[in-house]
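I'd like to ask you about the structure that follows.
The values are calculated or read from the model by the stated rules, or taken from the named source; none is laboratory data. All values reported here derive from a predicted model rather than from experimental measurement. Cβ: placed from backbone, ideal geometry, glycine included. Neighbour counts: every protein chain shown. For the accessible areas, the whole protein counts, side chains as well, though only heavy atoms, and no ligand, DNA or RNA atoms are used. Shrake-Rupley method; radii C 1.70, N 1.55, O 1.52, S 1.80 Å.
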Amino acid sequence: MRTPVRLTRAQARRVAVRAQLLDARRPDDLLAVVEHLTFLPVGPTAAVAPSVDLVPWSRLGEAHWPGAVDDAVADGMLFQLAGGVRSMEDLPLHLPVMAAFPPADDWRRAWWDDNAAFRADVLRLLEADGPLTSREIPDTSVRPWRSTGWTGDRNVTQVLELLALAGQVAIAGRRGRERLWDLAARVYPDVEPVPYAEAVAERAARRLRALGLARPRLPGLPGEPHRVALPGVPAEVEGADGAWVVDPEALERADEPLEPRTAVLSPFDGLVADRERLLQVFDWEYALEMYKPRASRRWGYFALPVLHGERFVAKVDAAADRRAGVLRVAAVHEDVPFDADLTAAVTGELEGLARWLRLDLDL
């Protein structure tokens, strides 16, 4: 067994920040950002802006415009699958996993099998009349979708999501805020799938490249195995428990000083998605509190993490009031004492966020 490399916290943080394209050397191309990060999260709320746009804005700045991701999906440069938007260049890596869906041990398999006629009805309708919104597709299910959450009895939405995971339907664009669904053959280009084992291995390697540093096994993303083993160099991190793996290319630059900048992030950003890593590596506590009662929130409904160089320095309780034309900042919860320079840096980023949203800043 290979002896783990030892990383200081500073080295580990540099690896993670650089891997997520959040140092001072901003990228300048949306498609390249999506391909490197492997996906953009499609979040369930847009209290400030949809995460699918807020995540690239944190990298690209004002070169990215709201709605650019939707435009790229409609133009066939990106595709949306389950909870993420991905590069169409990566489609060959997803096709073999789609072809194997649903696996025999998938908990949704019984519902899928029982509603075979429902699936066939949806495919026939899309072939004849697609693209369509989910509202335009009749529910002919014989077994309803059971859930204690918001998806209960949303049979059409669920069958479309599962058909997408199986590579039979795809999101062709949007009509207003509603997704348009069509046959995958009319949305996806005709490309050769990568063999299954090779595709799974390559996706795991790309995921580690996007994270820089991670646990050896991570929960699978939609369309992946339940647990994903990440390849990489075994590592130990100063002050952090347990085993880690680090991307070998990122490891080569771990001693190189980080050219810092300040970044306001989405609560669904890849740098903050792993809460354990935040605590262990960045010594920073964070939680998305939108699901908590108002009285139980410490930082706000949709608090935005603020990164300054290698450290998280604040959480910003903000909301876009589009009717009033302002980005309202209820509070800036400082995790380190702000001096004049840090105050100016954070304020500048919030001003940039407001300009990008075409709102005035109410700070």
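Of 348, 43, 309, which is the most mobile in a GNM of the chain whose springs link Cα atoms less than 10 angstrom apart?
348
In the chain, carbon and sulfur make up what percent of the accessible area (probe 1.4 Å)?
Its accessible area is 51 percent carbon and sulfur atoms.
Expressed as a fraction of 2.2 N^0.38 Å, the rule-of-thumb size for a compact globular protein of N residues, what is the C-alpha radius of gyration of the stretch 53-136?
Normalised Rg, Cα atoms only: 1.41.
What distance in nm separates the two pseudo spin-label positions at residue 143 and residue 201, each 7 Å out from Cα along the beta-carbon direction?
If labels sit at residue 143 and residue 201, their model points lie 3.7 nm apart.
Treat each spin label as a single point 7 Å out from the Cα along the C-beta direction, and report the residue 333 to residue 311 distance in nm.
In this crude label model, residue 333 to residue 311 measures out at 1.8 nm.
Can you give me the Cα centroid spacing of the stretch 195-213 and the stretch 322-338 in angstrom?
So the separation of the two Cα centres works out to 37 Å.
Using just the C-alpha positions of the chain as equal point scatterers, what log10 of I(q)/I(0) does the Debye formula give at each q in 0.07 1/Å?
-0.33
Please calculate how many Å² of accessible area the chain carries per residue, with a 1.4 Å probe and no DNA, RNA or ligand atoms counted.
With the other protein chains kept in place, the chain gives 47 Å² per residue.
Follow-up question, since we're still on this one. Extension gain residue 252-residue 124, at 0.36 nm per residue separation less the Cα-Cα distance, in nm?
Full-extension gain reported as 40.8 nm.
Want the number for residue 290 to residue 89: 0.36 nm per residue separation, take away the alpha-carbon distance, what's left?
Going from the current span to full extension adds 68.9 nm.
Who wins for biggest fluctuation among 144, 337, 193 in a Gaussian network model of the chain, springs between alpha carbons below 10 Å?
Of 144, 337, 193, the Gaussian network model singles out 337 as fluctuating most.
Still on this structure, I have one more. Specify the angular offset, from 0 to 90 degrees and rounded to the nearest 10, of the alpha carbon long axis of helix 155-165 from the longest principal axis of the alpha carbons in the chain.
70
Between the alpha-carbon centers of the stretch 234-265 and the stretch 65-88, tell me the distance in whole angstrom.
If we compute the Cα centre of each part, the gap is 29 Å.
Expected output is a single nm value to one decimal: the length gained when fully extending between residue 136 and residue 6, i.e. 0.36 nm times separation in residues minus the C-alpha distance. What is it?
41.2 nm
Does the stretch 274-340 classify as rounded, prolate or oblate by the C-alpha gyration tensor (a ≥ b ≥ c root eigenvalues; a/c under 1.5 gives rounded; else a/b over b/c gives prolate, otherwise oblate)?
oblate
Pairing the Cα long axis of helix 116-129 with the longest principal axis of the chain, what angle in degrees results, from 0 to 90 and rounded to the nearest 10?
90
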